[in-house]
Protein chains: 2
Amino acid sequence: MSLVRQLLAVELKSMQNSIAKAAIMTTESTHTLAVAHQAFTHFEQGLATGNWQAFFDMLTDDFSFWFPIGQFHGLNVGKERAIAFFHYVSEVYSDGITLTLDRVTSNETTVVFEFRDQGLMWGNPYKNRVAVSFDVRGDQVCGYREYLGSDGKSN
Amino acid sequence: MSLVRQLLAVELKSMQNSIAKAAIMTTESTHTLAVAHQAFTHFEQGLATGNWQAFFDMLTDDFSFWFPIGQFHGLNVGKERAIAFFHYVSEVYSDGITLTLDRVTSNETTVVFEFRDQGLMWGNPYKNRVAVSFDVRGDQVCGYREYLGSDGKSN
């Protein structure tokens, strides 16, 4: 094999490795994003209708979440705790709450959804801005952090 | 040119286009992430020291930000307003506040930083969780949204 061919072979091998690595990273990120989007669709449905089953089905048994305020403030560990929380949410917003999704950012394991929400809280007009951060493991969501961007009255 | 060669040429051209597109997207995302990281470093320095100049230098003149609470609650438009805000922040946390960065997510235009912070607020112990979302345009930050993940007492 000529020197030129050898150099070309080395160069091609290097390109193949780069493309393979990029493909694996892209595949992981794409999968994470797809799982989180599916979970977010169920989350949105839960907030609108009070039917949380499809969302619960996507949570790992060791699911944990951090909530900023109120009786669920701080770290909450385990799927049972999450079920109690989301049922409580649907008591607070008993007529359902609707979301307007503004932005989605992600990496290989985490996806952040920035949205505005509106509805009634205990029967009174409610508006807020929210960022929720979902951690994905396999085909499920294993963690969740919620952040509030407004005051419950404007968004 | 034989049929096989023609088919190979078409296939190679298609691969080149895919790689070029992926490269452009990756380059945009990488650039956005690099600009936001730089801005975040200056943001962190501002919070720690009260010296905000390097951060201000990275903001566009039409920079706007949304803050969740207090006298800057809601949408604030223009760099002058941002300068007033960050100087106010350094009055509130006059001994400086330190950050622990937990996660970074991004897309082609936006980067979200999830962090915990701690320090003194008006001289009293302060802890919180925060998500900040930076919008990047060119080599600058043109927008910013802040979301609070805790109560100012724990993180």
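General observations
- Residue within the range A:15-29 that is surrounded by 11 or more Cβ atoms within 10 Å (Cβ to Cβ) and under 17 Å from the mean Cα position of the chain (by Cα) present: yes
- Among the residues of the range A:89-100, those that are more than 30 Å from B:Lys153 (Cβ to Cβ) and either within 19 Å of the chain's Cα centre (by Cα) or buried (at least 17 other Cβ atoms within 10 Å of the Cβ) (or both) comprise A:Thr98, A:Thr100.
- Selection count, the range A:63-88, where residues are within 17 Å of B:Ser150 (Cα to Cα) and either exposed (fewer than 13 other Cβ atoms within 10 Å of the Cβ) or without any contact (Cβ under 8 Å) to a residue 24 or more places away in the chain (or both): 9
- Members of the range B:102-116 that are surrounded by fewer than 20 Cβ atoms within 10 Å (Cβ to Cβ) and either over 29 Å from B:Ser29 (Cα atoms) or touching a residue at least 24 places away in the same chain (Cβ under 8 Å) (or both): B:Val104, B:Asn107, B:Glu108, B:Thr109, B:Arg116
Here, each number is a calculation from the coordinates, and none is a lab measurement. Just so we're clear, the structure is a prediction, and the values are computed from it rather than from any experiment. Positions of Cβ are generated from backbone atoms using ideal geometry, with glycine treated the same way; all protein chains shown enter the neighbour counts.
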